[in-house]
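To start, the structure under review is shown below, and the notes come after it.
Taken together, the values in this text are just the output of simple stated rules run on the coordinates, not laboratory data. All values reported here derive from a predicted model rather than from experimental measurement. Ideal geometry is used to build each Cβ from the backbone, glycine not excepted, and the neighbour counts take in all protein chains shown.
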Amino acid sequence: MAQALRAEARAANQRRALILSGTADWTLEGARAALATASAAQGETAWLTDRPLAEPHLPVSAGERLLGTELDTLVYDAHGGLDPDGLGAALGALRGGGLLILLTPDLDAWPQVADPLVPLGEAPTTQGRDPSRTIRRLIWVLTRAPGVAIVRQGQPSPTPMPTGSPVVPCRQDLDLTTPDQRQAIAAILRTARGRGRRPLVLTSDRGRGKSSALGLAAAELLAGGEGQILVTAPRHAAVAPVFAHAARRLPQAQAAPGSLRLGHAALTYQPPDRLVQARPPADLLLVDEAAGIPAPLLAALLRHYPRIIFATTVHGYEGTGRGFEVRFRRTLDRLTPGWRAQTLIGPIRWAEGDPIEALADRALLLDASPAADADLAQAEPATCTFAHLDRDALAGDEPRLRELFGLLVLAHYQTRPADLRHLLDGPNLRIYGLSHEGHVAATALAALEGGLDPELGAAVFAGRRRPPGHILPQTLSAHAGIREATDLRYLRLVRIAVHPAAQGRGLGRALLAGIAADARGLGLDLIGASFGATPDLLAFWRHCGLPPAHIGTSRNAASGAHAAVVLAGLSPAGETLAASARNRLAERLPVLLAGPLRDLEPEIALGLLTVTPRPAPDLDAGAWRELATFGHAARPFESVLPLLTGLAAAGLSRDPPALAQDQAKALIAAVMQHRALPAVAALTGASGRAEVIACLRATTRALLRDLAPAGLASYVRDLGQGRADVQSS
């Protein structure tokens, strides 16, 4: 069977799959026999298994380490668990003519087999684990996939399902480029040599030669001595093909891990977070697998580097390029409206119609798409039906699952194959949806958390325990200092998405209202979310009735953002706790902004400050007069800085803000975060220190009009008349 599959794969320059289903020992011996009869020794073979085999192998969870390699045979041993991300990455390394050998437990029993690779993710349930919906659906896909042969222990070998694909010649010369690649290389060179601030977005499905196009273009630039080229990606291994193809074109170049040098020109890898922090100079920046990099980091790179290429896989394990292009397009339009797009369509690693590509797309829902825009053109809250979705039914409803997951992919462009498993099998997870005429208009994933026993709750408060999941109660107890937070029960919103064709019509608020009602029916105390804070997200959640209740003091290494918690009470105890959390945030924020949150974006700080109104500072008459002489005369800024802090905290807490955006940013940066005035000028676009001081004086005058005691008005009038020695209060 393996020999026939291999011959068919090589003749068609496509890939095939052999599934061996049975006991662990039987499938292992079957794989070894298949390798011996399928001429596998003529090419590269990789084993992914958690068994201590004599064959060189990697753990099942290390499939992403095969990124940048090319394989003729992949043996994936699912007896040790199934890692959707790793499987997707490993399949991308299998080239045309290659064979996947998948070892599984007996297909009838596999959904009931405990999988050690399933992340608990959310709060673990005390009930027994249900049979895996992910595995049940995967079996359904495998048994219907063309180009796949399934051999079950104790049963006769079947004939593989026909592919219906024409036989095409196999490409022998991997240095040849396709027309798509040549167009992409030309576009990269135009970006590198043309006017700045015109980035290129390069997208393709897997196996289209996107990374090799980056490497070949880099080689041409290095050969011309055209300066310093930086390349970044979510992980170093992802750019191995870039360096390999550049080195192949430049055999005289000096190669080292993460760098390729030719004279004074160099191609160098840097991790995304280090690029943002250090900002090393570059004539061109290549961002590969951009969908796997957090949006704030991408935006920071876009602002700093004038010539930049964003390359990403459309249906990929690093993140989803379709969601990236849709959502990041707004940032591109705002910061660099002259950006361009290029797409690679034709496959290079295998021939068109490859059945394993179709299998991966369907099994991992890499090609899932939301409903068509036209289907939701008339969607309104009144025309939509709210429901808590049954996950057993969802796993068996392929059209609905594809629409729902496709919508999540579009809204959250770092969605990965593992998220599908979490959606179907994550413990204590609930899925909600709004449907319009049978189509998914909005959806949300939510996790049940909290209700910890007193002993565990005390350990969480003391910082000694971090139980899996329970993100909201753990954050509020261990970081916000609310001991009773672990006692209450929460519904945490993990993901929420509204179809782009139906946004701006109140569907998000309608969905959240339905979810809150369901949570009350479950007897929960609070509803909330935790996410990387941005001004837009803070405004969205607050508009939906969930104001911020906590902000993390350090940036998340993956997202580059500070984690915010938004919260609303559902029960009397929950409302009391939510109010306590907001008050604690308001009280502590001025101190935090001067310390660990000193680099927090002022726009985010403003969204936090407006949560709880603060009273005017309790100052004596002399202090008020000092402030007046800064705002209305020429007193130095530094001499009134201690007094301005309280005034700023009170003035900035008003909702809606009484200050213009540029005034609020300058006040937060200079007064509350104690940033140097030249840095404030750079942040606000001011010409220099003098313009910042002028802005702060105007801001102080506005705040004094709203917050100062009535008796200060006469002193201000005297200042205007040059009578600064008047002692009226």
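Tabulate in residue order the Karplus-calculated ³J(HN,Hα) for region 478-484, using 6.51 cos²θ - 1.76 cosθ + 1.60 with θ = phi - 60°, rounded to whole Hz; enter x for Gly and Pro.
For region 478-484, the Karplus curve yields 6, 10, 8, x, 9, 4, 6 Hz.
Could you point to the label whose value was computed as Rg/Rh (Cα atoms, Kirkwood Rh) for the structure here, given [x] 1.14; [y] 1.03; [z] 1.10?
The listed entry that was calculated here is [y].
Among bridges DSSP assigns within the chain, what percent are antiparallel (round to 5)?
The antiparallel fraction comes to roughly 45 percent.
Just want the answer: with Cβ charges of +1 for Lys and Arg and -1 for Asp and Glu, which residue in 218, 486, 356 is farthest toward the dipole's positive end in the chain?
Final value for the positive-end residue is 218.
Show that you can apply the helix-only estimate: for the chain, add -39,500 (n - 2.57) for every DSSP H stretch of four or more residues, divide by all residues, and state [θ] at 222 nm to the nearest 500.
Result for the chain: -12500 deg cm²/dmol, rounded to the nearest 500.
Which FRET efficiency, nearest 0.05, do residue 303 and residue 583 yield, Cβ-Cβ r, R0 25 Å?
After rounding to 0.05, the efficiency reads 0.10.
Taking the 0 to 90 degree range and rounding to the nearest ten, how far is the long axis of helix 133-142 tilted relative to the main principal axis of the chain, both from C-alpha atoms?
Roughly 40 degrees, rounded to the nearest 10.
Among 14, 149, 710, flag the residue with its Cα farthest along the positive direction of the charge dipole of the chain, charges on Cβ as +1 for Lys/Arg and -1 for Asp/Glu.
Ranked along the dipole, the leading option is 710.
Amide H to amide H under 5 Å from residue 314: which residues, 5+ apart in sequence or cross-chain, H placed 1.01 Å off N in plane?
204, 205, 206, 321
On a 0 to 90 degree scale, rounded to 10, what angle separates helix 240-249 from the longest Cα axis of the chain?
Roughly 70 degrees between the two axes.
Between the helical axis of 2-12 and the dominant principal axis of the chain, each derived from Cα atoms, what acute angle in degrees is found, rounded to the nearest 10?
Orientation of helix 2-12: about 70 degrees from the principal axis.
Hey, rough spin-label estimate for residue 390 and residue 340, points 7 angstrom out along Cα→Cβ, what's it come to in nanometres?
5.4
For residue 714 and residue 237, compute 0.36 nm times the residue count separating them, minus their Cα-Cα distance, and round to one decimal in nm.
Extending this stretch completely gives an extra 164.8 nm.
In whole Hz, with x marking every Gly and Pro, tabulate ³J(HN,Hα) for region 177-184 from phi via Karplus 6.51 cos²θ - 1.76 cosθ + 1.60, θ = phi - 60°.
10, 7, x, 4, 5, 4, 5, 5
Which values, in whole Å and largest first, are the semi-axes of the equivalent ellipsoid of region 438-522 obtained as the square root of 5 times each eigenvalue of the Cα gyration tensor?
Square roots of five times the eigenvalues give 32, 12, 10 Å.
To the nearest 0.05, what FRET efficiency results for residue 109 and residue 331 with a Förster distance of 45 Å applied to their C-beta separation?
Step by step, r from the Cβ atoms, then E = 0.40.
Taking 8 Å as the Cα distance limit and 6 or more residues as the minimum spacing, I'd like the relative contact order of region 179-344 as a percentage.
34
Given N residues in region 338-444, what is its alpha carbon radius of gyration divided by 2.2 N^0.38 Å?
That ratio works out to 1.24.
Pick out, from 331, 63, 698, the residue whose Cα sits farthest towards the positive end of the charge dipole of the chain, with +1 on the Cβ of Lys and Arg and -1 on the Cβ of Asp and Glu.
Farthest towards the positive pole: 698.
What is the order of 626, 380, fewest Cβ neighbours within 10 Å to most?
Least to most surrounded, the residues fall as 380, 626.
What net charge do the residues around residue 519 carry, taking every other residue with its C-beta under 12 Å from that of residue 519, with Lys and Arg at +1 and Asp and Glu at -1?
+1
I need the peptides 453-461, 365-373 ranked by packing, meaning the mean over residues of other C-beta atoms within 10 angstrom, with the highest value on top.
365-373, 453-461
Compute, for the chain, the length of the dipole vector about the Cα centre, with Cβ point charges of +1 (Lys, Arg) and -1 (Asp, Glu) only. Units Debye, rounded to 20.
1880
What are the residues whose amide H is under 5 Å from the amide H of residue 371, where those residues sit 5 or more places off or on another chain and H is modelled from the backbone?
440
Order these peptides, 629-637, 660-668, by their mean beta-carbon neighbour count within 10 angstrom, highest first.
Listed from highest to lowest mean packing, they are 660-668, 629-637.
What relative contact order, as a whole-number percentage, does the chain give when Cα pairs under 8 Å and 6 or more residues apart are counted?
So the answer I get is 10 percent.
What residues have an amide H closer than 5 Å to that of residue 450, excluding those fewer than 5 places away on the same chain, when H is modeled at 1.01 Å from N in the peptide plane?
Close amide H contacts, sequence-distant or interchain: 470, 490.
For residue 618 and residue 571, FRET efficiency with R0 = 35 Å and r from the beta-carbon atoms, rounded to 0.05?
After rounding, the FRET efficiency stands at 0.50.
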